[in-house]
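The values are calculated or read from the model by the stated rules, or taken from the named source; none is laboratory data. Bear in mind the structure is a predicted one, so any value in this text is a computation, not a measurement. Cβ: placed from backbone, ideal geometry, glycine included. Neighbour counts: every protein chain shown. Just the protein is used for accessible areas: all its heavy atoms, side chains included, with ligands, DNA and RNA removed. Shrake-Rupley method; radii C 1.70, N 1.55, O 1.52, S 1.80 Å.
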Amino acid sequence: MKHKSLSILFMLFFGLFTQAGNYQAEEISDTTPPKAPLLGEYVEGESQLRGMAESLSTILVIVKGQEIGRGTVQPDGFFTISIIPQASDTTIEVIAVDKSNNQSSPATLHVSERVKRIYGENRYLTAVEISKEAFPNGANTVVLVRGDDFPDALAAGPLAYQLGAPILSTLSNHLPEYVKNEIVRLKAKNVIIIGGDGAVTKKVETELGTSLGLHVDRIAGVNRYDTAAKIAERLGIKDRVVLAYGKGYADALSMSPYAARDGMPILLTETTSIPRETQHILEKAEVTFVVGGEGVVSEQVFVQIENGIRISGATRFETNARILELFGSFSNSAVLATGRNYADALTGSVLAARLDSPILLVEKDYVPNPLKNWLTSYGQVKQYKLLGGPGVLSDEMISTIPLY
């Protein structure tokens, strides 16, 4: 009888324990919402949206309260979801819902234009608009160059990128009001002037310090080759440098985003001789990318360079295409600028580097065949940023761009 009573007590205890256990499990059910999804870039007209979110959660894609797509996150956290294609300027909301029906806060995405112009009424205002595009949240430092001549400024792109600084243009003897306004918008504290007094005068330097309260620095040499060498020293020489013709601009600017991205200084040379200032820096490099054919950088110069690699084509556009083939792109965007002037490509080089995008130099009314062929074979460029208005890059040119 005693054993029977113990058995009954044990069964009652075990039953209460099991019920308590079940009760506790219900009490600690999952109530933690997933983190907001991380979204990939989406360009107008695309039928898929990509991103990352909590593994195996359900993704809801919503526009103006209406669901336009739904799917499940893969076990590795990535998702690709078919959606109703959306136009530019649309705002998309994306929510992750876990298995316990907890919802994340919405991640928002503003649909980008497939082809976007960035320009102002002149090269100085275009540089301002490029700065707004590349640095919407401001920048601590500005690199300032003379806007109507390129020699000193040609090598500025990699330094500006390293400093997280836009390149702005100024008149030699006057700082335009709209350039001042952009410096104020950026909340910059420092400015680096590229070139000597003959490029950007003391009057502009004084105005930057007194009117805007900036700390002003200047990088200047006795000539364009010395200025480029001094920029290289400020940037720091790792193992690779770029050498380009110092009296032209196209080849150096084609290379500028890659040089910026990889921390490679851009050095300048004469056609038949290497300036002493340039040679001093070349001696510190392990590899030198010589950009341009023998017509601009002669074989006489090339054979003097230890571990030199020449990148060239028959025209500036072919050279541009050879650079793209060698260095490639990890982005689905490209920056287009006129190949017949330097100003927009120079100030746009930092934007391109920040987007991990190439700069393509094009004609006003069409994309030259070497570059069109690269775009077709690469086949991943879905978004183009055009530097300059219709007077520089026409609407007719846009019709010749391969779109995917």
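A quick yes/no check of all residues on (1) open to solvent by 10 Å² or more (accessible area, probe 1.4 Å); (2) assigned to a helix (DSSP H, G or I):
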residue	(1), (2)
196	yes, no
207	yes, yes
216	yes, no
228	no, yes
242	no, no
252	no, yes
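The rows are residues; the columns are (1) modelled with pLDDT of 95 or more; (2) in a loop (DSSP other than H, G, I, E, B); (3) touching a Lys or Arg at 6+ places or on another chain (Cβ under 6 Å); (4) open to solvent by less than 10 Å² (accessible area, probe 1.4 Å).
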| residue | (1), (2), (3), (4) |
| --- | --- |
| 337 | yes, no, no, yes |
| 345 | yes, no, no, yes |
| 357 | no, yes, no, yes |
| 377 | no, no, no, no |
| 400 | no, yes, no, no |
| 404 | no, yes, yes, no |
Would you mind telling me which numbered condition in (1) open to solvent by 60 Å² or more (accessible area, probe 1.4 Å); (2) under 22 Å from residue 229 (Cβ atoms); (3) of a type outside the set (Phe, Trp, Tyr) residue 325 fails?
-> (2)
Scan the stretch 141-194 residue by residue and report those that are assigned to a loop (DSSP other than H, G, I, E, B) and aliphatic (A, V, I, L, M).
-> 156, 165, 171, 175, 188
Identity of the residue in the stretch 127-169, over 17 Å from the mean Cα position of the chain (by Cα) and farther than 30 Å from residue 238 by Cβ, that ends up surrounded by the fewest Cβ atoms within 10 Å (Cβ to Cβ) | 148
May I ask you to list the residues in the stretch 286-299 that are in contact (Cβ under 8 Å) with a residue 40 or more places away in the chain and open to solvent by less than 20 Å² (accessible area, probe 1.4 Å)?
-> 288, 289, 290, 291, 292, 297
How many residues of the stretch 32-52 are at pLDDT 90 or above and open to solvent by 60 Å² or more (accessible area, probe 1.4 Å)? The answer is 8
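Report yes if residue 381 is modelled with pLDDT under 95, under 23 Å from the mean Cα position of the chain (by Cα), outside any helix (DSSP H, G or I) and crowded, with 17+ Cβ neighbours inside 10 Å, otherwise no.
It is true that residue 381 is modelled with pLDDT under 95, under 23 Å from the mean Cα position of the chain (by Cα), outside any helix (DSSP H, G or I) and crowded, with 17+ Cβ neighbours inside 10 Å.
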On the given criteria, is residue 91 open to solvent by 40 Å² or more (accessible area, probe 1.4 Å), over 17 Å from residue 383 (Cβ atoms) and in contact with a His (Cβ under 8 Å, 6 or more places away or on another chain)?
-> yes
Looking only at the stretch 240-261, decide whether some residue is at positive phi and either among the charged types (D, E, K, R) or modelled with pLDDT under 95 (or both).
-> no
Among the candidates 117, 70, single out the residue that is over 30 Å from residue 55 (Cβ atoms) and modelled with pLDDT of 95 or more.
-> 117
